[in-house]
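Enquirer: Please see the structure below; I have some questions.
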Amino acid sequence: MASSASAVVRFQPGLPVYGAIGLVLPYLRQAAGIALIVFFIVVFPANVKAARTGVPVGGKRATPLWLRASMQVLFIALTWWSALWNAG
């Protein structure tokens, strides 16, 4: 039987895709935006650890922490803008 941790690992890569689909649907836009922002904040510590320990992605070098952090802030800002600030 699979552990709950392995189920989360298998399910997690699809979460941003599901959130993006939610951003396109007007009746889900705000909920999807909030969920994506929470997701970006929750996975940030894992991104920091991956950058510090040099975890390769697809055989390529790890992305530097400054770039990961900058991208995370950009994703949060764009999600907030598209889902919450621009929700009028």
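Enquirer: Would you mention how many residues in region 6-21 are within 19 Å of GLY33 (Cα to Cα) and either surrounded by 11 or more Cβ atoms within 10 Å (Cβ to Cβ) or at pLDDT below 85 (or both)?
Expert: Within region 6-21, the subset within 19 Å of GLY33 (Cα to Cα) is 11-21.
Of the ones still in play, those that are also either surrounded by 11 or more Cβ atoms within 10 Å (Cβ to Cβ) or at pLDDT below 85 (or both) are 11-16, 18-21.
Residues in region 6-21 being within 19 Å of GLY33 (Cα to Cα) and either surrounded by 11 or more Cβ atoms within 10 Å (Cβ to Cβ) or at pLDDT below 85 (or both): 10 in total.
Enquirer: Then there is this: I'm trying to understand the selection: among the residues of region 74-88, which are part of a helix (DSSP H, G or I), modelled with pLDDT under 90 and surrounded by fewer than 13 Cβ atoms within 10 Å (Cβ to Cβ)?
Expert: Answer for region 74-88, where residues must be part of a helix (DSSP H, G or I), modelled with pLDDT under 90 and surrounded by fewer than 13 Cβ atoms within 10 Å (Cβ to Cβ): just TRP85.
Enquirer: Right, here's the next one. Hey, among the residues in region 22-46 that are in contact with a Lys or Arg (Cβ under 9 Å, 6 or more places away or on another chain) and among the hydrophobic types (A, V, I, L, M, F, W, C), which one's surrounded by the fewest Cβ atoms within 10 Å (Cβ to Cβ)? Working first, answer last.
Expert: Filtering region 22-46 for residues in contact with a Lys or Arg (Cβ under 9 Å, 6 or more places away or on another chain) gives 22-23, 44.
Narrowing further to those that are among the hydrophobic types (A, V, I, L, M, F, W, C): 23, 44.
On the way: LEU23: 19, PHE44: 15.
Filtering region 22-46 for residues that are in contact with a Lys or Arg (Cβ under 9 Å, 6 or more places away or on another chain) and among the hydrophobic types (A, V, I, L, M, F, W, C), the one surrounded by the fewest Cβ atoms within 10 Å (Cβ to Cβ) comes out as PHE44.
Enquirer: Suppose we filter region 47-69 for residues that are within 21 Å of LEU15 (Cβ to Cβ) and either touching a residue at least 60 places away in the same chain (Cβ under 8 Å) or loosely packed, with under 12 Cβ neighbours inside 10 Å (or both); how many remain?
Expert: Here is the first cut: in region 47-69, the ones within 21 Å of LEU15 (Cβ to Cβ) are 47-51, 55, 57-58, 63, 68-69.
With the extra rule that they be either touching a residue at least 60 places away in the same chain (Cβ under 8 Å) or loosely packed, with under 12 Cβ neighbours inside 10 Å (or both), the set shrinks to 49, 57-58.
Residues flagged as within 21 Å of LEU15 (Cβ to Cβ) and either touching a residue at least 60 places away in the same chain (Cβ under 8 Å) or loosely packed, with under 12 Cβ neighbours inside 10 Å (or both) within region 47-69 amount to 3.
The values are calculated or read from the model by the stated rules, or taken from the named source; none is laboratory data. Because the structure is predicted, anything quoted here is derived from the model rather than measured. Cβ sites come from the backbone with ideal geometry, for glycine too, and all protein chains shown count toward neighbours.
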